[in-house]
Amino acid sequence: KQWQETFNAITDGICILEKDSGTIIECNKAMTKLFRRPQSEIIGHSCCELLHGSKEPVKKCPFAKMLNTNRTEEAELQAGDKWVNVKVEPLVDKKGNITGAVHIISDITKHRIAHRALRESDSKFRLAFANAQDAIVWIEAETGSITNCNKAFEELFGKKKKDFEGQHYSTLFPDDKKHTCNNLITKSGQDMNSIIEAEILVGNQQLRDVTIATSAMQVEENEILQWIVRDITASKKAIEEAKNLARFPGEDPNPVMRISTDSKILYANDSSTPVLETWKTQISQNLPEPWCSRISEVYNSGNGTTFELTCDDGHIFIITLQPITGSGYVNAYGLDITSNKKAEIEKMDLELQLSQKQKMEAIGSLAG
């Protein structure tokens with residue numbers, strides 16, 4: 001009774017097979033749950049009948065193999081919508097002759113599904129790693145040695161994966177920057193969410209600006225740091241150019257202004273002061289008439305216009321109004337022609353004086 005209770009308490013399906021026919025002569029409760037049949041419909045049948053609906057041994061049948069090898073055999077088999085691990089232990093008499101077998105069946109369906117999901121996840125990760133747009137490199141935390149990298153990393157440095165493997169990560173940086181990069185692993189370990197900006201040396205000995213984002217993971221019991229390296233050389237250059245362009249209006253020696261369609265001054269550089277004082281307005285205030293009407297007319301027509309403006313302090317500007325369609329504002333560009341105007345007036349005075357002199361000479365000649 002105690003043996004029977006123990007036999008039925010085992011969660012794996014267990015049955016005892018007769019040697020010659022493979023017929024089940026005993027089974028536990030777990031086997032009835034596995035086959036979804038009462039014990040009376042299990043005993044007297046072979047395992048192949050119950051699992052596979054076949055009276056003949058199926059391919060990879062561990063019971064058939066056991067009869068040939070005289071040792072324990074094991075196999076993973078699909079039975080309907082389930083996957084099972086089948087292990088067959090030979091039963092031997094005192095003389096060593098096989099008299100039967102113990103047949104152990106474990107339901108591994110969940111394990112199989114989990115294993116397949118893990119394998120698919122690993123496959124997706126490897127595919128994403130290999131084809132990522134950003135350059136990725138793996139570094140052994142303890143030694144600083146490069147263990148793996150993706151295609152984008154090879155393209156960034158102009159080298160093959162084999163050229164990196166085993167190399168210390170400091171070889172990625174120029175000699176004069178190595179001392180500043182020696183703390184990258186330590187710093188990254190302290191703050192895994194940090195993004196470090198650095199300079200690297202690519203295969204053609206060119207310096208590139210990059211950001212390095214670090215994360216840590218365990219790979220085969222080793223702590224690995226994953227660096228995601230993003231080339232920001234072009235973007236840094238573009239940002240610098242944008243900053244230079246943003247400074248340009250303020251550095252222009254001529255007036256530069258932006259005026260909304262409702263005639264409000266949105267922007268004006270320092271050189272615009274004489275114009276604003278003449279208009280008796282300032283930034284964030286409206287223009288007086290007739291300039292309001294002129295701004296509205298220019299914007300609605302979509303055509304630029306140019307006029308001359310003499311300021312209260314004596315400055316003379318050529319002002320060009322240029323509408324920016326769909327923007328809701330008009331740009332105003334001034335050109336200081338004060339010196340040119342003065343030179344033109346002086347020239348006209350000289351010409352007038354010369355004309356008067358010539359007239360006097362002609363009158364004198366006529367009188368003579």
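Search the stretch 299-347 for residues being over 47 Å from the mean Cα position of the chain (by Cα) and among the hydroxyl-bearing types (Ser, Thr, Tyr), and hand back the single one that is surrounded by the fewest Cβ atoms within 10 Å (Cβ to Cβ).
Restricting to residues being over 47 Å from the mean Cα position of the chain (by Cα) and among the hydroxyl-bearing types (Ser, Thr, Tyr), the top hit is Ser339.
Could you please find all residues in the stretch 228-267 being open to solvent by less than 60 Å² (accessible area, probe 1.4 Å), at pLDDT below 85 and among the hydrophobic types (A, V, I, L, M, F, W, C)?
Across the stretch 228-267, the qualifying residues are Ala238, Ala242.
I need the full set of residues from the stretch 31-43 which are touching a residue at least 40 places away in the same chain (Cβ under 8 Å) and either closer than 15 Å to Ile16 by Cα or not aliphatic (A, V, I, L, M) (or both), in order please. Break it down stepwise before answering.
So in the stretch 31-43, the residues touching a residue at least 40 places away in the same chain (Cβ under 8 Å) come out as 31, 34.
Across the stretch 31-43, the qualifying residue is only Met31.
Can you tell me which of (1) under 21 Å from Thr11 (Cα atoms); (2) buried (at least 17 other Cβ atoms within 10 Å of the Cβ) is the one Glu76 doesn't meet?
Failed condition: (2).
Starting from the stretch 1-29, take each residue that is farther than 18 Å from Val58 by Cβ and list its partners that are surrounded by 14 or more Cβ atoms within 10 Å (Cβ to Cβ) and among the charged types (D, E, K, R), counting only C-beta distances under 8 angstrom and pairs at least six apart or across chains.
Listed pairs, sorted by first residue: Asn8/Lys29; Ile16/Glu26; Ile25/Glu18.
On the given criteria, is Trp3 under 16 Å from Ile105 (Cα atoms) and open to solvent by 60 Å² or more (accessible area, probe 1.4 Å)? If you could, list the steps in order and put the result at the bottom.
Values: under 16 Å from Ile105 (Cα atoms): no; open to solvent by 60 Å² or more (accessible area, probe 1.4 Å): yes.
No, not satisfied.
Can you say whether Leu225 is buried (at least 16 other Cβ atoms within 10 Å of the Cβ) and assigned to a helix (DSSP H, G or I), as far as the supplied structure shows?
No.
For the stretch 91-178, please list each of the helices (runs of 4 or more DSSP H) lying entirely inside it that holds at least 3 residues being closer than 15 Å to Leu201 by Cα, of a type in the set (A, V, I, L, M) and open to solvent by 40 Å² or more (accessible area, probe 1.4 Å). Can you show your working first?
Values: elements: 109-131, 151-157, 161-164.
Of the helices (runs of 4 or more DSSP H) lying wholly inside the stretch 91-178, none has at least 3 residues that are closer than 15 Å to Leu201 by Cα, of a type in the set (A, V, I, L, M) and open to solvent by 40 Å² or more (accessible area, probe 1.4 Å).
Do you know which residues across the stretch 268-298 are open to solvent by 40 Å² or more (accessible area, probe 1.4 Å) and closer than 26 Å to Arg247 by Cβ? Step through it out loud before you land on a result.
Of all residues in the stretch 268-298, those open to solvent by 40 Å² or more (accessible area, probe 1.4 Å) come to 270, 273, 277, 280, 282-286, 288-291, 293-294, 296-297.
Once the filter is applied, which keeps residues that are open to solvent by 40 Å² or more (accessible area, probe 1.4 Å) and closer than 26 Å to Arg247 by Cβ, the stretch 268-298 yields Asp270, Thr273, Glu277, Gln282, Ile283, Ser284, Gln285.
The values are calculated or read from the model by the stated rules, or taken from the named source; none is laboratory data. Just so it is clear, the model here is predicted, and its values are computed rather than measured. Note that each Cβ is placed from the backbone with ideal geometry, even for glycine, and that neighbours are counted across all protein chains shown. Remember, those area values only see protein heavy atoms, side chains included, never the ligands or the DNA or RNA. Shrake-Rupley method; radii C 1.70, N 1.55, O 1.52, S 1.80 Å.
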